[in-house]
Structure formats: C-alpha cells, structure tokens
Amino acid sequence: MHDAMRATYLDYNATTPLRPEARQAVLAALDRPGNASSVHSFGRKARRMVEDGRDAVAALAGAQTAQVVFTAGGTEANNMALRAARRGVLASAGEHDSVLRACAAAIAPLRPDGVVDLAQLVCLLEGESRPDLVSVMLANNETGVIQPVAEAARMAHDRGAILHCDAIQAAGKIPVDFAALGADSMSLSAHKLGGPQGVGALILREGLRIDPLLRGGGQERNRRAGTENVAAIAGFGAAARAALRDLDAGPELAALRDDLERQVLALAPDAVIHGAGALRLPNTSCFGVPGLTAETLVMALDLSGVAVGAGSACSSGKVAPSHVLRAMGVGETGAAEAIRVSLGWASGAQDVACFIAAWQACLDRRGNVTRAAG
C-alpha cells in the first residue's frame with residue numbers, strides 16, 4: 001500500500017486538523033497562568049488573549065466584536081440561540097441535530113436539491129402556531145448545500161419572527177457576513193475551521209436578549225457564565241485569522257472536489273451526487289452507489305487508509321440513514337448508501353488520487369461479489 005494512502009484524511013466536515021497557527025496559540029496560552037477575570041497582570045494578559053480571539057472571530061463572521069459570545073462549542077451555541085424563542089421554533093428539515101433535538105420545532109421541508117422550501121417556510125410562519133424564531137443553517141454539514149439565509153431572514157422579520165443561522169460548516173469555507181445575512185444570531189465552532197475542539201461562539205444582534213444557559217460569575221457580559229477557556233479561545237482566534245486569510249483558496253478546493261466527482265462517476269456511472277444541482281460549499285461531496293451501504297464503504301475505505309464520513313459526526317459512532325437526504329426525498333435505502341467526502345486546508349491532488357484508488361478497490365470488490373452471486 002502506498003504510504004500516502006495511510007494518511008488520507010477527507011472528513012473535514014466532522015473535524016478539521018488543527019492548523020499550525022492554532023496549535024502555537026494554544027500552547028503559548030497554556031504556558032501562561034491567569035484567569036481572564038483577574039485584575040492583576042497575569043489576568044490582564046489572559047484577558048488580552050480572549051479579546052484578541054474575539055476580534056478574530058468577529059472579523060471572520062462579519063460581526064462586531066461585542067456581539068461575540070464564547071461557548072463550549074457549536075451545540076451549546078445553537079441551544080443557547082433557541083432560547084430566544086417565546087412562542088416556538090420553526091427549523092428547516094436539514095438542520096443539525098443540535099437544533100432539531102433542542103426544541104419541539106415545526107419543520108420546513110427541503111426541496112429535492114437540498115435547499116429549504118421558502119414557500120413552505122412562509123406558510124408555516126403564518127400558520128396557527130406562528131413560531132417567533134426561524135432556524136436556517138448557512139450550509140449543510142452533509143451535502144454542503146448553501147441555504148438562502150438572507151431571504152429567509154427577510155421573510156421571518158416581515159412576520160415578526162427572528163432568525164438564527166447555524167454557520168458552523170460555512171465559516172472558513174465561504175465568506176460569512178452576519179450583518180449582510182440579516183440574522184439575529186449565528187453559531188460558529190472552532191474545530192470546523194482548524195481550531196481546537198470544545199470551543200465555539202454565538203454571535204448576537206445588538207439588543208437581542210437571550211436567557212443564559214449557564215449562570216454564575218457573569219462572564220461574557222452576563223451571557224455565558226464560567227471561566228473562559230483561554231487556551232481554546234486563543235486557538236480559535238488563530239484559526240479564524242488563518243481561515244479568513246485562506247478564503248481565496250475556495251476555487252482550488254472546488255476544483256479538487258469536482259475532479260473527485262468526475263472520477264467517481266467515471267468509475268461508477270450509477271453513483272448519485274446529492275445536492276449537485278444547488279450551490280454548495282467548495283469542499284463537500286455527498287454521494288452513494290446503489291448496492292453499497294455507507295457503513296460498508298466507510299469501513300472499506302478506512303482499511304485502505306482513507307477517512308471519509310457518513311452523515312453527521314455527532315451520532316455516537318453510528319452510521320444511520322441521513323435525515324437530511326430523507327428530507328430531500330431520497331429513499332431510506334439511498335440515504336443509507338451515502339458517504340461524505342470533505343476536503344480542507346491541507347488537502348491536495350494526492351488526497352484525491354488516494355481516494356480514487358481506494359474507491360476503485362471498493363468497486364472491484366462489489367463487482368467480484370456480484371459476479372460470484374450470479
């Protein structure tokens with residue numbers, strides 16, 4: 001087996017390898033004692049690292065520094081944002097489980113291309129329950145499909161509702177502008193863009209009041225209690241600066257993704273690329289082949305040294321049919337056959353070549369099994 005094949009990581013949407021800049025920032029912060037709430041010199045240095053991280057995250061998100069609230073990750077940020085609802089939450093069917101399971105939501109369906117059905121969203125907004133918070137993610141974590149958040153925000157505001165945007169997969173892959181989107185809140189996660197795991201952020205529109213999930217010492221302007229994770233925030237900030245710097249690499253990633261899909265289809269013409277008819281993140285491809293389950297493919301590719309995903313990475317290690325694909329009208333069998341290949345800041349043509357070699361081996365085994373069965 002080729003040495004490079006043993007280290008082909010193509011699951012960036014699950015978690016992104018730590019960027020060197022983030023690693024350096026984390027280690028530097030760990031070497032410095034000090035609570036960011038302390039007034040002595042050690043505390044002031046820790047506070048400076050937190051605020052530098054806040055500045056960088058705000059710049060990446062197109063937000064004001066004061067709008068950034070640090071959390072323990074994207075799940076907490078989503079859960080916190082939903083607390084702004086008073087009457088109820090209307091979520092798109094493609095939302096992450098940290099939204100769908102956090103509230104008894106009305107669900108706006110997806111079109112077959114993976115884009116939220118805005119006409120149905122309006123009908124639900126004007127329905128009997130009249131939800132006052134809409135949650136629409138900026139880009140889907142499984143298909144990469146980019147959603148019409150600005151239009152959804154206008155529709156929500158026109159009907160007296162606010163809009164939360166889960167931008168966790170989008171940030172660092174495409175330009176994100178909190179103000180231009182018109183969202184009232186937005187969630188981010190460091191480990192999706194090359195920062196450490198266990199730290200995220202919630203961006204809040206000025207004047208939006210949300211009941212804190214955690215109460216205590218009044219950190220984060222009384223919006224999220226608990227001693228700030230200085231090292232993780234420093235790493236988040238460093239990753240955000242690097243991701244903002246590297247945004248112009250999007251076309252290169254898209255070219256790699258498109259080349260991978262062309263080769264996938266050349267080897268398996270019956271493969272189905274999910275979301276291919278919509279605008280997608282440049283790094284994400286979700287596809288399946290009839291007769292090959294995602295679980296089988298993920299394990300076979302892993303044995304060949306290639307790491308890919310199947311569905312969301314937050315499902316306790318289970319490979320289950322994707323609720324996103326089911327919402328797009330894909331049958332249960334087709335949804336159970338889909339894998340996700342996601343590239344990132346360290347990906348190159350060699351990674352695509354290693355994947356295609358492993359993919360060919362999977363298809364060859366399928367052919368051998370089919371011939372033996374015949």
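The values are calculated or read from the model by the stated rules, or taken from the named source; none is laboratory data. All values reported here derive from a predicted model rather than from experimental measurement. Here the Cβ positions follow ideal geometry from the backbone for every residue, glycine too, while neighbour counts run over all protein chains shown.
Restricting attention to region 145-162, does a residue exist that is out of contact with any Lys or Arg (no Cβ under 8 Å at 6 or more places or on another chain), more than 22 Å from residue 89 (Cα to Cα), part of a loop (DSSP other than H, G, I, E, B) and not small (Gly, Ala, Ser)?
There is no residue in region 145-162 that is out of contact with any Lys or Arg (no Cβ under 8 Å at 6 or more places or on another chain), more than 22 Å from residue 89 (Cα to Cα), part of a loop (DSSP other than H, G, I, E, B) and not small (Gly, Ala, Ser).
Any residue in region 150-177 that is touching a residue at least 40 places away in the same chain (Cβ under 8 Å) and in the same structural domain as residue 62 (by TED's automatic domain parsing) sitting within a Cβ distance under 6 Å of a residue that is surrounded by fewer than 24 Cβ atoms within 10 Å (Cβ to Cβ) and not hydrophobic (A, V, I, L, M, F, W, C)? List the pairs, counting only those 6 or more apart or interchain.
161/132; 176/62; 177/62
Which of the residues spanning region 158-177 are of a type outside the set (Val, Ile, Thr), buried (at least 23 other Cβ atoms within 10 Å of the Cβ) and touching a strand residue (DSSP E or B) at 6+ places or on another chain (Cβ under 8 Å)?
Scanning region 158-177 gives 163, 164, 165, 166, 167, 169, 170, 171, 173.
Filtering region 99-118 down to residues that are crowded, with 23+ Cβ neighbours inside 10 Å and touching a residue at least 40 places away in the same chain (Cβ under 8 Å), which residue is nearest to residue 131 (Cα to Cα)?
The residue in question is 99.
Would you check if there is a residue in region 178-191 being closer than 18 Å to residue 86 by Cα and touching a His at 6+ places or on another chain (Cβ under 6 Å)?
For region 178-191, residues closer than 18 Å to residue 86 by Cα and touching a His at 6+ places or on another chain (Cβ under 6 Å): present.
Would you call residue 356 outside the structural domain of residue 189 (by TED's automatic domain parsing), in contact with a helix residue (DSSP H, G or I) (Cβ under 6 Å, 6 or more places away or on another chain) and in a helix (DSSP H, G or I)?
Yes: the conditions hold for residue 356.
Looking only at region 221-233, decide whether some residue is assigned to a helix (DSSP H, G or I) and modelled with pLDDT under 95.
Yes, the conditions are met somewhere in region 221-233.
Answer yes or no as to whether residue 53 is buried (at least 22 other Cβ atoms within 10 Å of the Cβ) and of a type in the set (Gly, Ala, Ser).
So residue 53 passes the test.
Being modelled with pLDDT of 95 or more, surrounded by 19 or more Cβ atoms within 10 Å (Cβ to Cβ) and not in a helix (DSSP H, G or I) is the filter here, so list the residues in region 310-335 that pass it.
Selection gives 328, 330.
Hey, residue 196 hits all of (1) part of a helix (DSSP H, G or I); (2) at pLDDT 95 or above but one; which does it fall short on?
Going through (1) part of a helix (DSSP H, G or I); (2) at pLDDT 95 or above one by one, residue 196 breaks only (1).
Scan region 31-47 for residues that are closer than 17 Å to residue 226 by Cα and surrounded by 14 or more Cβ atoms within 10 Å (Cβ to Cβ) and jot them down.
34, 35, 36, 37, 38, 43, 46, 47
Please determine whether any residue of region 119-130 is buried (at least 16 other Cβ atoms within 10 Å of the Cβ), on the phi < 0 side of the Ramachandran plot and within 16 Å of the chain's Cα centre (by Cα).
No, there is no match, as no residue in region 119-130 is buried (at least 16 other Cβ atoms within 10 Å of the Cβ), on the phi < 0 side of the Ramachandran plot and within 16 Å of the chain's Cα centre (by Cα).
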